[in-house]
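*Asks:* Input: one structure, supplied below.
All of the numbers you see were taken from the coordinates with simple rules; none came from a lab. These figures come from a predicted structure and were not determined experimentally. All Cβ positions, even for glycine, are placed from backbone atoms using ideal geometry, and neighbour counts span all protein chains on display.
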Amino acid sequence: MRANKECTRQIRYLMGCFVEIEAQGENRFLSLNAVNAAFSEMKRIEKNLSRFLPDSVISNLNRMAAISPVEVQEEIFDLIERCVRYSELTGGAFDITASPFIELWNGAENHGRTPTHQEIDSASKAVGFQNLVLDRKNQSVYFSHPQMKLDLGAVGKGYAVDRAIELLRHHGIRKGLVNAGSTIYCFGGELRFGITDPMDPQSCITTVLLQDNAISTSATYERFYEIAGKKYGHIIHPKTGCPVEGEISSLSVISESAMESDILSTAFFVNGNHQDIKRLAARSEVKTLLIDSACHIALLPN
Ligand code: ADP
Ligand code: MG
């Protein structure tokens, strides 16, 4: 977006990354108001969803929901329910209950050794979206295993980006952009967006055109666990309890919903093979850009 007198652009640190919001409205005052409102909304969502903040709704669930059902606001209930639907759609590749595995690998990085089979086996008993008991009538969440915990790390940013975009539109913004690093949404104009080269993260390997849609990228080059000199990606296979190690170096999903692109980029990264991705992409009407370790680029469906 070209800077002009109606356009406002700001960068703030939230949700563990630098977030850039740009807006072009009737005048600069309205654009600035809209950008401030969009940032406040993302901050509110971070406060609700972060598992690192002890007062968040998710932290409260992680403390209490294995003892007895916990009532949550409609927004949170709906979000968790949508996550479970995506777990079903992706055959469990995306699973917000993978938290015990994630904690295990976080701990492993601190201890300098990979988790033992026994540790993974024991954590696996607490993982599985099927063990999440959602009661719509009472709007409550219950964990049927005592060690169960939620981690919305693969969906929170996407959800927050969708909400920020909704607020910009609500404030009369004609053209806007929310860039949260691994998830970006642009509307009201075209944006040619560069895809990072996974082998050389300082440069771009290709570009995609965004217009009224979002792109999310899951890759191993940015976030990883480093254990005894070896790098392990931060995306965990919910069936094995281990970081995904495959042919795919980077996977981007383009969708009309940032939440969907965020979820599916993680899920497709786990699923890993073209056949599965094609089948799922056809069902969810998204485009997927894959880059493998030999730097071959594939766009599905093509
Ligand atoms: P980013 O945060 O860079 O956008 P992702 O959207 O791929 O990355 O989300 C990765 C995060 O999601 C991990 O750091 C972890 O907290 C969580 N996670 C890891 N594996 C899974 C999985 N299979 N399903 C759901 N969440 C996951
Ligand atoms: Mg994701």
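*Asks:* Tell me, please, whether a residue that is buried (at least 17 other Cβ atoms within 10 Å of the Cβ), in a strand (DSSP E or B) and more than 13 Å from ligand 1 (Cβ to nearest atom) can be found in the stretch 256-274.
*Replies:* no
*Asks:* Still on this model: Restricting to the stretch 150-165, what's the tally of residues that are in a helix (DSSP H, G or I) and either out of contact with any helix residue (DSSP H, G or I) (no Cβ under 8 Å at 6 or more places or on another chain) or within 16 Å of ILE254 (Cα to Cα) (or both)?
*Replies:* Qualifying residue count for the region: 6.
*Asks:* Does TYR221 qualify as being assigned to a loop (DSSP other than H, G, I, E, B), more than 10 Å from ligand 1 (Cβ to nearest atom) and hydroxyl-bearing (Ser, Thr, Tyr)? Steps first, answer last, please.
*Replies:* Values: assigned to a loop (DSSP other than H, G, I, E, B): yes; more than 10 Å from ligand 1 (Cβ to nearest atom): yes; hydroxyl-bearing (Ser, Thr, Tyr): yes.
So TYR221 fits the description; yes.
*Asks:* Take the conditions within 16 Å of ligand 1 (Cβ to nearest atom), in contact (Cβ under 8 Å) with a residue 40 or more places away in the chain, buried (at least 19 other Cβ atoms within 10 Å of the Cβ) and part of a helix (DSSP H, G or I) and apply them to SER250. Does it pass?
*Replies:* Judged against the criteria, SER250 is not a match.
*Asks:* Quick check on my filter: what residues within the stretch 253-270 are in contact (Cβ under 8 Å) with a residue 60 or more places away in the chain, touching a helix residue (DSSP H, G or I) at 6+ places or on another chain (Cβ under 9 Å), more than 9 Å from ligand 2 (Cβ to nearest atom) and of a type outside the set (Gly, Ala, Ser)?
*Replies:* MET259, GLU260, PHE268
*Asks:* Can you name every residue in the stretch 123-147 that is assigned to a loop (DSSP other than H, G, I, E, B) and charged (D, E, K, R)?
*Replies:* Of the residues in the stretch 123-147, the ones assigned to a loop (DSSP other than H, G, I, E, B) are 125-128, 136-139, 144-147.
Answer for the stretch 123-147, where residues must be assigned to a loop (DSSP other than H, G, I, E, B) and charged (D, E, K, R): LYS125, ARG136, LYS137.
*Asks:* What residue, among those in the stretch 240-265 that are touching a strand residue (DSSP E or B) at 6+ places or on another chain (Cβ under 6 Å) and charged (D, E, K, R), is nearest to GLN211 (Cα to Cα)?
*Replies:* GLU256
*Asks:* Same structure, new question: With the requirement that a residue be surrounded by 20 or more Cβ atoms within 10 Å (Cβ to Cβ) and at positive phi, what does the stretch 1-57 give you?
*Replies:* Of everything in the stretch 1-57, just one residue is surrounded by 20 or more Cβ atoms within 10 Å (Cβ to Cβ) and at positive phi, namely MET15.
*Asks:* Further question on the same structure: Restricting attention to the stretch 11-34, does a residue exist that is touching a helix residue (DSSP H, G or I) at 6+ places or on another chain (Cβ under 7 Å), part of a helix (DSSP H, G or I) and touching a residue at least 60 places away in the same chain (Cβ under 8 Å)?
*Replies:* yes
*Asks:* Residue check, ILE173 against (1) of a type in the set (Val, Ile, Thr); (2) within 16 Å of ligand 1 (Cβ to nearest atom); (3) more than 21 Å from the chain's Cα centre (by Cα), all met but one. Which one?
*Replies:* Among (1) of a type in the set (Val, Ile, Thr); (2) within 16 Å of ligand 1 (Cβ to nearest atom); (3) more than 21 Å from the chain's Cα centre (by Cα), the lone unmet condition for ILE173 is (2).
*Asks:* Among the numbered criteria (1) under 16 Å from the mean Cα position of the chain (by Cα); (2) surrounded by 16 or more Cβ atoms within 10 Å (Cβ to Cβ), which one does VAL141 miss?
*Replies:* With respect to (1) under 16 Å from the mean Cα position of the chain (by Cα); (2) surrounded by 16 or more Cβ atoms within 10 Å (Cβ to Cβ), VAL141 is out only on (1).
*Asks:* Between SER122, SER144, which is without any contact (Cβ under 8 Å) to a residue 12 or more places away in the chain and more than 11 Å from ligand 1 (Cβ to nearest atom)? Can you show your working first?
*Replies:* On the way: SER144 fails: without any contact (Cβ under 8 Å) to a residue 12 or more places away in the chain.
Only one candidate qualifies: SER122.
*Asks:* Still on this structure: So, of the residues in the stretch 170-216 that are more than 16 Å from ligand 2 (Cβ to nearest atom) and small (Gly, Ala, Ser), which turns out to be surrounded by the fewest Cβ atoms within 10 Å (Cβ to Cβ)? Outline the logic, then answer.
*Replies:* Looking only at the stretch 170-216, we keep the residues that are more than 16 Å from ligand 2 (Cβ to nearest atom), and these are 170-177, 186-194, 197, 199-212.
If we keep only those that are small (Gly, Ala, Ser) too, we end up with 172, 176, 188-189, 194, 203.
On the way: GLY172: 13, GLY176: 28, GLY188: 17, GLY189: 15, GLY194: 11, SER203: 9.
Looking at the filtered set, the residue picked out is SER203.
*Asks:* Any idea which of (1) within 16 Å of ligand 2 (Cβ to nearest atom); (2) without any contact (Cβ under 8 Å) to a residue 60 or more places away in the chain is the one LYS157 doesn't satisfy?
*Replies:* (2)
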